[in-house]
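A short worksheet on the structure shown next.
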Amino acid sequence: MEEPLRRTALFDVHRALGARIVPFGGFEMPVQYAGILAEHDAVRKRAGLFDLSHMAQFELRGADVAAWADALTINHVATMKPLQARYNVFTNDAGGAHDDVIFYRLPERWLLIVNAGNAHKMWAYLQAQQQGDVQLTDLRGETALIAVQGPRSVEVLAPLVEADIVALKYYTCAETKAGGIPAVVARTGYTGEDGFEVFLPAEAAVGLWDALLTGHHSVLAPCGLGARDVLRLEAGMPLYGHELTEEITPLQAGIGWAVKFAKPSFTGKAALAAQAVDDDYPRVAGLVLDGRVPARAGYRVLRNGAVAGEIRSGSIAPSVGNKSIATALLEPASATAGTRLGVEVRGTEHPATTVALPFYKRG
C-alpha cells in the first residue's frame, strides 16, 4: 500500500499563491506559480524563492562520523573544514549511486541532505551501516529548507540574516539567525546561479517565506520544481533517477571529479577503479537538437540508424537560445562533442549534436 502524500510546512502558502501542486518525492509540491518560463527568468536575472523542505535532513553526531562516512562515499568527508559544505555520492558495491547528497560540517554536528525520493532508502541504509561513535537523527517533519537563488539573492536575504552572508564563500555555511530564528544559512544551490539555502525549524518556515516576499515583489518570485528542473539541466547538474541511479555510476554521470581514488577504501571503489581503467562505459553527455521538439527521458538516441543510447532528461532551454536540450547516456564513441546523432520521437528521427556539459555557465 502506498503511503499518503506528505505536505511541507509551506503547503498552505503555496496553495494561497495559486501554485499548481503535483506529487513529487512522496510530497504534494508546487510545480509552478506564474509559469515555468517566468520563474526561470526570475532566477537567471533577479531572484527566485523555493520550498525545498521535501528533501530529507539527517543529523549526524559523534567522533567517528567523518571516518564512517568516508568509507561509504566517493568524496572526502574527513578533510572538510568546520562550516564547509561538500557534494558527495553514496555508492553501492557495483559503483552505482544510492543517492547524491550534500554534507554540511557544523561546529558540533553534521547535516546530511538527501533527495526526497531516496529518503526512506537512505535512512534505512544509514541505520544498517551505523557503527562506532555515530548517532543518527532523522529531522524529517521537524525542519524546513528554503532557497533563495539568483544574482540578487544577497540583496533579498541579507537584511533578514544576522551573519554577513556577503562574506560566505561558495559551499560554506553559517550557524546564525534568519528572521530572528536559529538557522543554518549556506551558499549552495541547484540552479547554476549564486544563491543560498536556509535550514530552519518547520514552524518558522511560513514566517521567513512571508518576510522574504514582503517588500521584494519586483525582485523575488516564488518558484516551483518545474523551473528548478530546467535551471539544473541547463547548468549540467545531475538529477537522481535520471543522470544518476543505482545502475549509473558517478563516472558515467560525468562527476568523476568527485571520486577520490586516493581514499584508502570506500564502498564501490574497486568497481569504479576498474571502470575508470577500462574507460569503455556508456556516459552522460549533452545534446542540442536542431529543432524545438522536446526530448523526453527514455527516447532512443540513434547514430547512423543504430541505437547509441537514450535520453535521460530534456527541456526547452531559455538560457540556451530556447533550443531543445537533453542529457543522454551514450556509448563512448557517440559521447564526443560535435558528434551528429538523431533522437527518435514517436517514430521520427530528429537531428541533434553532442555537446559538452554544462549547457549554461553564469558569467
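The values are calculated or read from the model by the stated rules, or taken from the named source; none is laboratory data. As the structure is a computational prediction, the values presented were derived from the model and not from experiment. Neighbour counts are summed over all protein chains in view; Cβ atoms, including those assigned to glycine, are modelled from backbone coordinates with ideal geometry. In case anyone asks, the SASA skips ligands and DNA or RNA and just uses the protein heavy atoms, side chains included. Shrake-Rupley method; radii C 1.70, N 1.55, O 1.52, S 1.80 Å.
Could you pull out the residue among Asp41, Asp99, Asp51 that is open to solvent by less than 10 Å² (accessible area, probe 1.4 Å) and more than 21 Å from Ala253 (Cα to Cα)?
Step by step, each of Asp41, Asp99, Asp51 is checked, and only Asp51 is open to solvent by less than 10 Å² (accessible area, probe 1.4 Å) and more than 21 Å from Ala253 (Cα to Cα).
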*Out of all the residues in the stretch 194-246, which are touching a helix residue (DSSP H, G or I) at 6+ places or on another chain (Cβ under 7 Å) and either over 21 Å from Val31 (Cα atoms) or among the small types (Gly, Ala, Ser) (or both)?*
Asp194, Gly195, Leu200, Ala211, His216, Ala221, Gly224, Gly226, Ala227, Gly241
*asked:* Among (1) within 17 Å of the chain's Cα centre (by Cα); (2) in the same structural domain as Tyr190 (by TED's automatic domain parsing), there is one condition Ser313 misses while meeting the rest; what is its number?
replied: (2)
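How many residues are closer than 23 Å to Tyr281 by Cβ and part of a strand (DSSP E or B) when one looks only at the stretch 326-357?
Total satisfying the criteria: 14.
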*Test Val293 against the stated conditions and say whether it is open to solvent by less than 10 Å² (accessible area, probe 1.4 Å) and farther than 23 Å from Tyr240 by Cβ.*
no
_Tyr125 - would you say it is at positive phi and either at pLDDT 95 or above or of a type outside the set (Gly, Ala, Ser) (or both)?_
no
_Being farther than 24 Å from Gln131 by Cβ and among the charged types (D, E, K, R) is true for just one of Asp41, Asp64. Which residue is that?_
Asp41
*Gly305: open to solvent by 10 Å² or more (accessible area, probe 1.4 Å), at positive phi and not assigned by TED's automatic domain parsing to the domain that holds Val154, yes or no?*
yes
*Looking only at residues in the stretch 1-38 that are under 22 Å from His120 (Cβ atoms), among the hydrophobic types (A, V, I, L, M, F, W, C) and without any contact (Cβ under 8 Å) to a residue 12 or more places away in the chain, which one is least open to solvent (accessible area, probe 1.4 Å)?*
Ile21
